[in-house]
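K.L.:
A single structure is presented below for examination.
The values are calculated or read from the model by the stated rules, or taken from the named source; none is laboratory data. Keep in mind it's a predicted model, so treat the numbers as computed, not measured. Please note: Cβ atoms are built from the backbone with ideal geometry, for glycine as well, and neighbour counts cover all protein chains shown.
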């Protein structure tokens, strides 16, 4: 009898365990991929303990015959995960499956796991809304749902989770008012709600006193929050707050002092619209323990006083409107970034900054003076950036004596004299940029430099002479070498490092034969200039390359669809507004014509400038002043198209007919009065007056949402691209000048940089000036008729173009903290004759525009297929780093597929879809290879994988905003593909 009872008890126990075992096996069946092999190999249904619990199953913990913990973090598991299945694990206290690729929804059954204390499903692919049943987990202490695709409003009821201490919902798509959640929370110490779509103000005075007292980490960054910070009752009395991050929102008003929060260590309020002056309490020695302060990308004004705090280690005040001189002391700061402000005075004030500093960035200010020689105490300095100022004199030898220095950027200044030989032997130096200065003499690279780790060397736009040293070949890690625009002679060394990705020796006097190991670099790496340099390995010489302008007539036709779409999207209101503007312009035109005719009748001839006629039709016209001082058109229809140069990267405006051609004969047009306003030039290498610009012959070459683009030839022979901005789209004078000056200081090998601007006395007299680049735009390669007349770009070429574009965007995002904002194939020029070096135009012009001007830019981008989906959910979309990533993804798809982003494609089910939808649908069906343009593969099967990898990078770029990688990650992803080429 006793034996029978024992058997019955054993059977009952086994029966109880079967439910949990079935649940685990069901989870296993949902796993499709297990790269580590730890789960699928160890979860053996035959491996059970005597009590029925799994034995040696990876990630499974049992207690008293029941599963109490399921921990599968960071295994990269792929498959579906059903929360309704784990309801069978009734004794589960710890469920942690972060860092995998599980899909599915968080179902209502989650609330039935009553004993759950730790729930972490972060970094997966869960989607859908959050069920209200999750608030039934009364014992939960740690709740992490971050880095998924969850959406909707966070359900109410979190106030009932009295044990909750850790709440992480960041990087999802949650909506709603932020305070509707925060006001429910009690004694939670860690809250991360960043990178969602939350709105409202941060009135923590409306929250519970328990929450204000308990919270020590609060992150609400990258949302759509606004209003004043803590507007209800002012600054709450946080007892334990250590980290507060409210960056990348839309907060206004002044920066609170935070002086009563003695526990605060990290304060991040960057990328908002905060104004006023810096709170001195944050920079001074006090009872605060603040170690990191980020107030960058705001509108703060006033001086930066001396910093006496002994705890502050990182200070970022970049991209504000700060004025005055540099602070005399910076306390114990290790990182100080004051770039992109209006600071002036002598650089020598940094000599008192002490031995704690590790990174200094003072770029893009108004600093003067010379480099101080009393800075030998910078023993920990690793990065020193003072580019785009007016600092002169010679380099002090002390610069090469900093033992930890890795990055030096002194570009765009007025340094002179010779380069320091010791600088080229600094063993830790990886980045050296001395471009756009007045250095002379030789490049003093010595023989014993094999231990130097230099990766980036830019000495362009100086006056260096003699030869290019062969010893540069000892820099094994060198990825970029730019010595263009100097006076170098002799041959190019044949031992330049194999790691070299970017090379530019153009605009020198080099001669001889280009080495075989450099054959993959485009012709633009060597020309213009260097007339005696030859290419023995090239199958065609530069003169044999087809005319890059031959396809520009076809570009008019190929633009029909995008422009028509833009017109339709513009709507009736836009057309009405444009009509009023055109009528107004026409009236002005007639009045000027009438005035001129009357003047001629009276014999009072007045000289009329030949530059930049606003009323000219959209064609390639050359204006010249006749002996009677009338303006006449030279040429006929046969010139149209052949004269349209590469700066047609600025597409036609929807307010005019981009296909209108001019009938034969002379056409009298009217030109504005003499340019009597202010002409501002950013660089001393380009000097001319407003009067010279007034008298320059001009040729209209394109229109865009920003205005009309002209090619103007100065009397000196220098050719400019002048963009005459549309009336009413530019910001006020002071703000415009501040922003355009910053843009003028941005230099990169793949940017067409601004050279200056003109501000006239009349509303419509505003111009942006840059160098004219005679090159076609990338858009032409996505039109079959145009592409026939251009050099072929195979997949290798297109990959390198994509990498160059990505590197340029990464530079704008990470070095300059601004988006391009208007990235599209028509704003990417390909430098002839090889067409392999991209040049980006129209960068960050939204910073100069009013909200209506920015809205029109976004509208045009949307019509052409480059607008990210999140712009559709906001009334005032504004270009961002994330929207740049999306646009780059579209361009990457254009490069691989050969299709235009504005083109509607017939899907497999017969519906019309755009390029991104078409590629996404095919890839979901494992038909990704069908997207590739086979003509660019050169019949090489090895390149198929490269094309597919490029498409995968592109698809990650067009994910929802919170899932998109940043451009640095995109560059890294693209770099990994290079091994297959």
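K.L.:
So how many residues does the range 964-981 have that are surrounded by 17 or more Cβ atoms within 10 Å (Cβ to Cβ) and either without any contact (Cβ under 8 Å) to a residue 40 or more places away in the chain or more than 29 Å from residue 788 (Cβ to Cβ) (or both)? Talk me through it step by step, then tell me what you get.
P.N.:
Restricting attention to the range 964-981, the residues satisfying the condition of being surrounded by 17 or more Cβ atoms within 10 Å (Cβ to Cβ) are 964-965, 967, 970-971, 973-974, 977.
From what's left, either without any contact (Cβ under 8 Å) to a residue 40 or more places away in the chain or more than 29 Å from residue 788 (Cβ to Cβ) (or both): 964-965, 967, 970-971, 973.
Going through the range 964-981 one residue at a time, the tally reaches 6.
Matching residues to (1) outside any helix (DSSP H, G or I); (2) surrounded by fewer than 22 Cβ atoms within 10 Å (Cβ to Cβ):
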residue: 764; (1), (2): yes, yes
residue: 768; (1), (2): yes, no
residue: 775; (1), (2): yes, no
residue: 781; (1), (2): no, no
residue: 790; (1), (2): yes, yes
residue: 797; (1), (2): no, yes
residue: 801; (1), (2): no, no
residue: 809; (1), (2): no, no
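K.L.:
Quick one: residue 876 ticks every box in (1) surrounded by fewer than 22 Cβ atoms within 10 Å (Cβ to Cβ); (2) in contact (Cβ under 8 Å) with a residue 40 or more places away in the chain bar one, so which box is it?
P.N.:
Going through (1) surrounded by fewer than 22 Cβ atoms within 10 Å (Cβ to Cβ); (2) in contact (Cβ under 8 Å) with a residue 40 or more places away in the chain one by one, residue 876 breaks only (2).
K.L.:
Based on what the data block shows, is residue 326 touching a helix residue (DSSP H, G or I) at 6+ places or on another chain (Cβ under 8 Å), within 30 Å of residue 439 (Cα to Cα) and in contact (Cβ under 8 Å) with a residue 40 or more places away in the chain?
P.N.:
Yes: the conditions hold for residue 326.
K.L.:
List the number of the failed condition for residue 729; all other conditions in (1) touching a strand residue (DSSP E or B) at 6+ places or on another chain (Cβ under 6 Å); (2) surrounded by fewer than 17 Cβ atoms within 10 Å (Cβ to Cβ) hold.
P.N.:
Every listed condition holds for residue 729 apart from (2).
Yes or no, residue by residue, for (1) crowded, with 17+ Cβ neighbours inside 10 Å; (2) in a loop (DSSP other than H, G, I, E, B); (3) not assigned by TED's automatic domain parsing to the domain that holds residue 746:
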{"site": "405", "(1), (2), (3)": "yes, yes, yes"}
{"site": "423", "(1), (2), (3)": "yes, no, yes"}
{"site": "427", "(1), (2), (3)": "no, yes, yes"}
{"site": "477", "(1), (2), (3)": "no, yes, yes"}
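K.L.:
Name the residue, out of 484, 440, 511, 453, that is modelled with pLDDT of 90 or more and in a loop (DSSP other than H, G, I, E, B).
P.N.:
One residue alone meets the criteria, 484.
K.L.:
Residues that are under 23 Å from residue 882 (Cβ atoms) and touching a strand residue (DSSP E or B) at 6+ places or on another chain (Cβ under 9 Å), at least 3 per element: which strands (runs of 3 or more DSSP E) completely within the range 165-208 meet that?
P.N.:
173-175
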